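*Asks:* Attaching a single structure in structure tokens format; questions to follow.
The values are calculated or read from the model by the stated rules, or taken from the named source; none is laboratory data. Being a predicted model, the structure only gives us computed values, none of them experimental. Cβ coordinates were reconstructed from backbone atoms using ideal geometry, including for glycine residues, and neighbour counts include every protein chain displayed.
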Amino acid sequence: MTTDRRIEDLLRELAPQVLGVLTRRFGDFATAEDAVQEALLAAASQWPADGLPTNPRGWLIQVGYRRMIELVRGEQARRRREDLVTRQDPDDRRYAPAPDEELSAERDDTLVLLFLCCHPALAPTSAVALTLRAVGGLSTAEIARAFLVPEATMAQRISRAKQRIRTSGLPFRMPEEAERADRLAAVRQVLYLIFTEGHTSTAGPDLRRVDLAAEAIRLTRALHVRLPDDSETAGLLALLLLTEARSPARTGPSGELIPLAEQDRGRWDAAAIAEGVALVTTALPRGPVGPYQVQAAIAALHDEAPSTDATDWPQILALYEVLDRLAGTPVVALNRAVATAMVHGPAAGLTALDALTDDPRLAGHHRLPAARAHLHEMAGDRKRAIADYRDAAARTSSLPEQRYLTMRAARLAADSSSAEVVNLGQFPSAGNGNCPRSTQTTEDGEC
């Protein structure tokens, strides 16, 4: 790893800690965030040439503090900041930490930032963006690229989120136990959204956004360390680890999508699977059982199976039925229908999918026609499968998924053409143009 890369990783790790110190001391999240960015820029330009300081964290705190003082004093002339400046009355002797001061609550500060960024008043997209900026250590430009929007648009989104937190008057502290449950649910949801976008991009040329998935796992792990007895947080961490463990086998040499049934399971991350299984095994008996624990249990069954055929589909179906009762969403119902097909046959799965056709929450979503295409293919109905694969490909903005669905349709179309040639007389001795009884026709249309 190059020196510049090591410095970049160190700055990303220290940024939320320094931001936590400045926000706690000054009580102004937005201005502290600006000051930390200035300190990070200074470190990025000086450290490669001058070397790392003895205490990098203390160095960043000092530089950030001085910049914070400049920003606060510079705003004294602005009428909208007069009250804030008067209340804060910045004083170097009061606020300045010693250069080698050790932080007594680094992890708590980071988690406080996480809870602050997941303020209930923020929309999920704004909370995700703000969390990545303040806690994940990503720049505005990096976040903008991750969400495929212009940098100026993302800057405005983050700015509005910070303004809403400022005007809320929310103190910089962990929520009281009475309110933590509601806030904790929002935190878990944001972490799950970050991971989901990183694991399977909703748009763009790449199937995955590795940085987003890694940040989600890192932050969830920190939350679990802080709340080791919270079974649903343990379930979320288990789910992320068990899902991410398959990532090495999800793409081919050219970045093409490889479905679960065709993946080389020897490439899965065995250590991540073991950790995820241990987490969910410990969390489930503690209760109460929540959606993330159930999803983790489903992921564990997939990860521990030696093959798709050897997967315990009846158990997976039973877990989806539990999940449907805990969190009945269209996506859960869709996955339950696929599991139904694996247990009771494609016709039963298709019947279950029919019940979702008119659900407005799936309108325009590619997952429904993609699932329908898969089940039609299982049933041997190539014509309908081809139409549904093409429909799904037209609905997704993810280029790898689009290519996979298009190629699936093309392969079925080619197989159908070959079968028609066979039926037109390639094997006249087989009687009535059919395959010999001893071989029968496979679902791929080959004898």
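*Asks:* Among the helices (runs of 4 or more DSSP H) lying completely within the range 309-363, list those that include at least 1 residues that are hydroxyl-bearing (Ser, Thr, Tyr) and in contact with a Phe, Trp or Tyr (Cβ under 9 Å, 6 or more places away or on another chain).
*Replies:* In the range 309-363, 330-344 are the helices (runs of 4 or more DSSP H) which contain 1 or more residues that are hydroxyl-bearing (Ser, Thr, Tyr) and in contact with a Phe, Trp or Tyr (Cβ under 9 Å, 6 or more places away or on another chain).
*Asks:* Among (1) over 29 Å from GLY235 (Cβ atoms); (2) touching a Phe, Trp or Tyr at 6+ places or on another chain (Cβ under 7 Å), there is one condition ILE158 misses while meeting the rest; what is its number?
*Replies:* If we test ILE158 against (1) over 29 Å from GLY235 (Cβ atoms); (2) touching a Phe, Trp or Tyr at 6+ places or on another chain (Cβ under 7 Å), just (2) comes out false.
*Asks:* Out of ALA213, ALA234, ALA178, ALA238, report the one residue that is surrounded by fewer than 21 Cβ atoms within 10 Å (Cβ to Cβ) and of a type in the set (A, V, I, L, M, F, W, C).
*Replies:* Testing whether each residue is surrounded by fewer than 21 Cβ atoms within 10 Å (Cβ to Cβ) and of a type in the set (A, V, I, L, M, F, W, C) leaves just ALA178.
*Asks:* Could you please give the count of residues in the range 225-280 that are among the hydroxyl-bearing types (Ser, Thr, Tyr) and either farther than 28 Å from VAL112 by Cβ or over 17 Å from the mean Cα position of the chain (by Cα) (or both)?
*Replies:* Residues flagged as among the hydroxyl-bearing types (Ser, Thr, Tyr) and either farther than 28 Å from VAL112 by Cβ or over 17 Å from the mean Cα position of the chain (by Cα) (or both) within the range 225-280 amount to 4.
*Asks:* Restricting the first residue to the range 380-396 and requiring it to be under 16 Å from ASP415 (Cα atoms) and part of a helix (DSSP H, G or I), which pairs with a second residue that is among the acidic types (Asp, Glu) and at pLDDT 95 or above meet a Cβ separation below 6 Å and a spacing of at least six or different chains?
*Replies:* ALA385/GLU377
*Asks:* A further question follows. Mind listing just one residue for me: the one in the range 139-173 that is at pLDDT below 75 and of a type in the set (A, V, I, L, M) and, of those, farthest from THR23 (Cα to Cα)?
*Replies:* LEU148
*Asks:* Go through the range 320-332 and report how many residues are aliphatic (A, V, I, L, M), within 22 Å of the chain's Cα centre (by Cα) and surrounded by fewer than 19 Cβ atoms within 10 Å (Cβ to Cβ).
*Replies:* 3
Rundown of residues vs (1) modelled with pLDDT of 95 or more; (2) surrounded by fewer than 20 Cβ atoms within 10 Å (Cβ to Cβ); (3) in contact with a Ser or Thr (Cβ under 6 Å, 6 or more places away or on another chain), yes/no style:
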position: ASP358; (1), (2), (3): no, yes, no
position: ALA373; (1), (2), (3): yes, no, no
position: ILE386; (1), (2), (3): yes, no, no
position: GLU401; (1), (2), (3): no, no, no
position: ARG411; (1), (2), (3): no, yes, no
position: ALA414; (1), (2), (3): no, yes, no
position: ALA419; (1), (2), (3): no, yes, no
position: PHE427; (1), (2), (3): no, yes, no
position: GLY433; (1), (2), (3): no, yes, no
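*Asks:* Can you find a residue in the range 196-206 that is modelled with pLDDT under 90, crowded, with 20+ Cβ neighbours inside 10 Å and part of a loop (DSSP other than H, G, I, E, B)?
*Replies:* yes
*Asks:* Please work out which one of (1) closer than 27 Å to LEU301 by Cα; (2) under 27 Å from the mean Cα position of the chain (by Cα) is the condition ALA347 fails and give its number.
*Replies:* All conditions pass for ALA347, except number (2).
*Asks:* Moving on. State yes or no: is VAL280 modelled with pLDDT of 90 or more, surrounded by 13 or more Cβ atoms within 10 Å (Cβ to Cβ) and in contact with a Ser or Thr (Cβ under 9 Å, 6 or more places away or on another chain)?
*Replies:* Judged against the criteria, VAL280 is not a match.
*Asks:* Restricting to the range 210-250, count the residues that are under 24 Å from ILE143 (Cβ atoms) and outside any helix (DSSP H, G or I).
*Replies:* So the answer is 1.
*Asks:* What are the residue pairs meeting all of these: first residue in the range 63-75, first residue within 12 Å of ASP28 (Cβ to Cβ), second residue assigned to a helix (DSSP H, G or I) and basic (Lys, Arg), Cβ atoms under 6 Å, and 6 or more apart or on different chains?
*Replies:* That search, which allows pairs on different chains as well, returns GLU75/ARG81.
*Asks:* Please verify whether ALA297 is crowded, with 22+ Cβ neighbours inside 10 Å and in contact with a helix residue (DSSP H, G or I) (Cβ under 9 Å, 6 or more places away or on another chain), treating the condition exactly as stated.
*Replies:* Yes; evaluated as a whole, the condition is true for this residue.
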